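A.B. asks: Let me give you the structure first, and then I'll get to my questions.
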Amino acid sequence: MLMNYSNNDQDNQDDQSKQQKQKKAGVTGFRIFFITLVIAAFAVVGSGLGIFIGIIKSAPDVSGLELKPSTNYTSFIYDANGMEIDRVEGGENRIYATLEEIPLYLQQAVIAIEDERFYEHNGIDMRGILRALVVNITNGDISEGASTLTQQLIKNNVLTSEQTFTRKIQEQYLAVEFEKIYTEAYGQKYAKDLILEYYLNTMALGHGTMGVQAASHRYYHKDVSELSLAESVVLAGITQRPTYYSPIINPENNWDKAKVILYKMVELGFITEEERQLALLENPFENIQEVNQIFVDESPHSYFVDAVIEDVLSDLQSKNGMTQIEAQNYLYGGGIQIYTTFDPEIQASVDRHMNDDSIFPSAENEIKLDYRVSITDAEGSVSHHSATGFVKNTSAIEGFKNEKLGEWGALAEGVTFVETLYEIPQPQAAFVIMDQTTGHVKALSGGRGDKVGDRTFNRATQAKRQPGSTFKILTAYAPALDTGMLSPGSVLIDQPITINLPSGNYTPQNWDRKYVGATTMRYGIYHSVNALAVQVLDMVGLDTAFEYLQRFGFTTLLPTDKVYSMALGGLTEGVTPLELNAAYAAIANNGTYIEPILYTKILDRDGAVLLDNIPNSYQVISASTAAALTDMMQDVVKIGTGASLKNWFSSQPVSGKTGTTNDSKDLFFAAYTPYYTATVWLGHDDPKSLNGASQREHLHLWGNIMKDVHSGLEYKNFEAQMPTYSMATICKVSGRLARNTCVSGTVTDYFSKENFPTQYCNSCGYQAPAAPTVTAPTTPTVTTPTTPAAPSTPEVFAPEIFTPSLPTILPSENTEAPVVEEEVVAPPILQDLPEVPSIPAAPTVTAPTTPVETPSTPVAPVETPSAPVEVAPTPAPEPTPAPAPTPEPTPAPEPTPAPTPEPATPTLPTLPTLPTLQQTPVDDASFIPQD
């Protein structure tokens, strides 16, 4: 029994031991599983924490960031009076406004709909996040967001707008960090206000506007400070879905959203129920469509603003070292302020007359069409086509379009197309007006007709056209006067000329095919004589003439322009109206060239001066040369090729020059008054003859505009500064001082000291007094000595033998030519001539010792005319102001003046250093301007 008991007990003990081992093994396995699970959980959490930490570490460094928006700011353009005339923006249009300028209603409306606990959270709204989570789980989609204003500001200005987990984590982290930094720096209330201000200037409000100020101007044409409560909630409601809630496209949707915002504002205690009800009675959409149409109509920049933009972009690169891309980004998004020389009243007159079709030649009228079509065929393929053409009137446009659509297959069945048509009236025109004393361009127009885009072709600043006879002044007459070679009264021979060139003979002809023979520079200018201009250019020399043109500011000249047709405006490419105008403004400004400018300064977004645009200026010709040209060019309008200008403008004196090229393809008139210099161009965009024009339309346009511009201005004469010139009356044929026997005519005009005539005319039928006869006895024969001949005086100008040596003008190391001190000359009209000595007495005859019978008739005395020979006074020609009266000289017979000292060589103005140009022989062909 005992044995059996013991065996059973042993079995029980073994079972218990086995169970204990199994239990121990199970506990150990659980412990291992738990430990493994814990380790795995820690691994997952650690990994997640590591990822989270990695995302945080990859976020931008807060210390190097700025929440205030710094790009996509609207730049402003102001006129000469500081009034805004235009704005420049890129893809986004932003105008900054401080919180004090933004109505409290608008601030509260944005908070109510975007972040109602804005002033309570630390950058992220945990209540908002939980609420959004519940709503999104309930709805089964992500329809609810929980971004605070701080987070949205970070998304707009610091991070990208991509919807990713990483960006969201970084956004929340940075929001907390920024609020912490701002609160430590400014205090909680000011920090929140600053973040709200930044957000209100950043929020997208549709149609390219960024910020409440830009949106207020875009939709209501008013400053944001003037918005009502209803208008404020209209703007606040746009930001969540700018297109869907657009007050222009979908005003009904916007108003539904506005009602929600008003209710929420009452709920939050921002406004009262009474204020809500009053807001609901408003119609905030009443004028939005009208304002939008004004915006659309005014959206293309004017030609003046286009030109300003081009200059600013160029100067940002050349003066501030920006690249082309940097300059464009800065102009279109940097919020800069550009102050221009623009005069709105003058521009209004220019625009009014430029668009007056009655001024332009009706026989030449046509419309240039630029037609562009995108065609989608039945299979969905898209092709693009374009064509240009001309029609005489609008009724012919449809025929032109249908012809092109047929050629392109756009009229086939199943084909659709989208078309764009631009109508450009012809002939075209350009106009520039500037203040010659400052270089400020006051107004310009780059063409007539509707301007259909921004930075389109500007004929005033970009069109290179042949200047015609306006170049006679700049290439020939100005250099000849300035170097002392000729004077206004210098006699020249108007006759056919031929210049032998390596490429062939050049024979310019006068526009009227007439030649008058001996005449003066003055006549050559006001009658626009081609032969004389080329003669004078030949005297001056091509190199000298070309250097003067460069000093007059022309940048479009080429080495191939250094040819004889240059005197008549025959150029390789041509010149722009703006640069031609500036050259004539230099003459009007006493010979001082001032670079034409369209803006005076640029301020950056913070108001600091970025560019101070001070124009370059230097002396091109002397003041005396400028005054002589001004005096002569007045005759162009009084009796010359521009005489018809008096039909439209006569309230101020005008000095200038017409220019008409071969076959009348280009009509120019560059001229100035004591107040302004203006240039007009008329012609077809694709050069062709204007034979159907009266050749006066450009003068009509110039006159009408300048009549308006000078209305109310005090009458002024040109201030003559001609100390180096004196007046004299000369024989029209010989060029010498006139006698009353000069039957071929006389001329009274100005002469420089180098060219002042010193001898009397001895042609035109003049006969010197006979030598005295002495009666002597038969024996012895007495020989009467002859009267000694008067010593000759070198002639400054004798047209029949005139072959002057060409002066050499040397470049200076200076970039600007100094003002030449004018040397005062003795009183005018012959007072410098030496006194005429008396005739020597007759010789004494000694009688021989043996008495000789003396004849009863005494020896005849020397014959003396009973009256002195007078210089016949000749009245000044019609266009020249009458000179101060000067006493007529009374020369004795057979004048024998003492030798006149050789006049001193004039001091020439120093030329700026210019590049050396290799003269390229070019055939002048037969360039013959019409005037």
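The values are calculated or read from the model by the stated rules, or taken from the named source; none is laboratory data. Every value quoted in this text rests on a predicted model; they were computed, and no experiment measured them. When we count neighbours, we look across all protein chains shown, and the Cβ atoms used for this are built from the backbone with ideal geometry, even at glycine. Calculation scope for accessible area: heavy atoms of the full protein, side chains included, ligands and nucleic acids excluded. Shrake-Rupley method; radii C 1.70, N 1.55, O 1.52, S 1.80 Å.
A.B. asks: Under the condition of being among the hydroxyl-bearing types (Ser, Thr, Tyr) and in a helix (DSSP H, G or I), which residue from the stretch 212-236 is surrounded by the fewest Cβ atoms within 10 Å (Cβ to Cβ)? Don't jump to the end; show me each part of the working.
C.D. replies: The initial filter retains those residues of the stretch 212-236 that are among the hydroxyl-bearing types (Ser, Thr, Tyr), namely 216, 219-220, 225, 228, 232.
Applying the additional criterion that residues be in a helix (DSSP H, G or I) yields 216, 219-220, 225, 232.
Working: 216: 26, 219: 27, 220: 20, 225: 13, 232: 28.
Once the filter is applied, the top-ranked residue is 225.
A.B. asks: Then there's this: Evaluate the stretch 334-345: report whether one residue or more is at negative phi and more than 21 Å from the chain's Cα centre (by Cα). Steps first, answer last, please.
C.D. replies: Of the residues in the stretch 334-345, the ones at negative phi are 334, 336-345.
Filter once more, so that each one left must be more than 21 Å from the chain's Cα centre (by Cα): 334.
Within the stretch 334-345 (the criterion being at negative phi and more than 21 Å from the chain's Cα centre (by Cα)), the answer is yes, since at least one residue qualifies.
A.B. asks: Consider only pairs whose beta carbons are under 6 Å apart and that are at least six residues apart or on different chains; among these, list those whose first residue lies in the stretch 264-292 and is under 18 Å from residue 220 (Cα atoms) and whose second residue is assigned to a helix (DSSP H, G or I) and among the acidic types (Asp, Glu).
C.D. replies: Between residues of the stretch 264-292 that are under 18 Å from residue 220 (Cα atoms) and residues that are assigned to a helix (DSSP H, G or I) and among the acidic types (Asp, Glu), the close pairs are 284/231.
A.B. asks: Hey, can you tell me all the residues within the stretch 684-717 that are among the charged types (D, E, K, R) and surrounded by 14 or more Cβ atoms within 10 Å (Cβ to Cβ)? Break it down into steps so the answer makes sense when it comes.
C.D. replies: First pass over the stretch 684-717, keeping only residues among the charged types (D, E, K, R): 685-686, 688, 696-697, 707-708, 714, 716.
Scanning the stretch 684-717 gives 685, 688, 696, 697, 707, 708.
A.B. asks: What number of residues within the stretch 520-554 are surrounded by fewer than 19 Cβ atoms within 10 Å (Cβ to Cβ) and farther than 24 Å from residue 662 by Cβ?
C.D. replies: 3
A.B. asks: Please find, within the stretch 176-211, the residue that is modelled with the lowest pLDDT out of those that are farther than 22 Å from residue 118 by Cβ and surrounded by fewer than 24 Cβ atoms within 10 Å (Cβ to Cβ).
C.D. replies: In the first step, residues of the stretch 176-211 are kept if they are farther than 22 Å from residue 118 by Cβ; the result is 206-209.
Next cut, surrounded by fewer than 24 Cβ atoms within 10 Å (Cβ to Cβ) only: 206-208.
Details: 206: 87, 207: 82, 208: 75.
Selected residue: 208.
A.B. asks: Would you mind stating whether residue 600 is open to solvent by 10 Å² or more (accessible area, probe 1.4 Å), part of a strand (DSSP E or B) and of a type in the set (Val, Ile, Thr)? Reasoning before the result, please.
C.D. replies: On the way: open to solvent by 10 Å² or more (accessible area, probe 1.4 Å): yes; part of a strand (DSSP E or B): yes; of a type in the set (Val, Ile, Thr): yes.
Yes; evaluated as a whole, the condition is true for this residue.
A.B. asks: Right, something else. Can you say whether residue 741 is of a type in the set (S, T, N, Q) and touching a strand residue (DSSP E or B) at 6+ places or on another chain (Cβ under 6 Å), as far as the supplied structure shows? Explain how you work it out, then say what you get.
C.D. replies: Values: of a type in the set (S, T, N, Q): yes; touching a strand residue (DSSP E or B) at 6+ places or on another chain (Cβ under 6 Å): no.
No, not satisfied.
A.B. asks: Still on this model: Hey, among 261, 248, 195, 181, which residue is within 13 Å of residue 284 (Cα to Cα) and hydrophobic (A, V, I, L, M, F, W, C)? Talk me through it step by step, then tell me what you get.
C.D. replies: On the way: 261 fails: within 13 Å of residue 284 (Cα to Cα); 195 fails: within 13 Å of residue 284 (Cα to Cα); 181 fails: within 13 Å of residue 284 (Cα to Cα).
Testing whether each residue is within 13 Å of residue 284 (Cα to Cα) and hydrophobic (A, V, I, L, M, F, W, C) leaves just 248.
A.B. asks: Could you tell me which numbered condition residue 484 fails, if it satisfies all but one of (1) in a loop (DSSP other than H, G, I, E, B); (2) open to solvent by 10 Å² or more (accessible area, probe 1.4 Å); (3) without any contact (Cβ under 8 Å) to a residue 40 or more places away in the chain?
C.D. replies: So the condition that residue 484 fails would be (3).
Condition check ((1) modelled with pLDDT under 95; (2) open to solvent by less than 70 Å² (accessible area, probe 1.4 Å); (3) in a loop (DSSP other than H, G, I, E, B)) across all residues:
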{"site": "371", "(1), (2), (3)": "yes, yes, no"}
{"site": "418", "(1), (2), (3)": "yes, no, no"}
{"site": "430", "(1), (2), (3)": "no, yes, no"}
{"site": "438", "(1), (2), (3)": "no, yes, yes"}
{"site": "441", "(1), (2), (3)": "no, yes, no"}
{"site": "447", "(1), (2), (3)": "no, yes, yes"}
{"site": "454", "(1), (2), (3)": "yes, no, yes"}
{"site": "459", "(1), (2), (3)": "no, yes, yes"}
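A.B. asks: While we're looking at this one, here's another question. Could you grab me the full set of residues in the stretch 559-575 that are of a type in the set (D, E, K, R) and under 25 Å from the mean Cα position of the chain (by Cα)?
C.D. replies: Just the residues of the stretch 559-575 that are of a type in the set (D, E, K, R), to begin with: 561-562, 573.
Correct list: 561, 573.
A.B. asks: Shifting gears a bit: Considering 611, 598, 578, which residue is under 17 Å from the mean Cα position of the chain (by Cα) and within 12 Å of residue 435 (Cα to Cα)? Lay out the reasoning, then the answer.
C.D. replies: Numbers: 611 fails: within 12 Å of residue 435 (Cα to Cα); 578 fails: within 12 Å of residue 435 (Cα to Cα).
Only one candidate passes the filter, namely 598.
A.B. asks: Has the stretch 734-742 got any residue that is at pLDDT 80 or above, in a loop (DSSP other than H, G, I, E, B), buried (at least 23 other Cβ atoms within 10 Å of the Cβ) and among the hydrophobic types (A, V, I, L, M, F, W, C)?
C.D. replies: Yes: the stretch 734-742 contains one or more residues that are at pLDDT 80 or above, in a loop (DSSP other than H, G, I, E, B), buried (at least 23 other Cβ atoms within 10 Å of the Cβ) and among the hydrophobic types (A, V, I, L, M, F, W, C).
A.B. asks: Can you confirm whether residue 423 is of a type outside the set (Val, Ile, Thr) and in a helix (DSSP H, G or I)?
C.D. replies: No, not satisfied.
A.B. asks: Also, quick follow-up: For the condition among the aliphatic types (A, V, I, L, M), under 30 Å from residue 183 (Cα atoms) and out of contact with any Pro (no Cβ under 6 Å at 6 or more places or on another chain), what is the one hit in 281, 200, 262? Show your work before the answer.
C.D. replies: Working: 281 fails: under 30 Å from residue 183 (Cα atoms); 262 fails: under 30 Å from residue 183 (Cα atoms).
200 is the lone residue from the list that is among the aliphatic types (A, V, I, L, M), under 30 Å from residue 183 (Cα atoms) and out of contact with any Pro (no Cβ under 6 Å at 6 or more places or on another chain).
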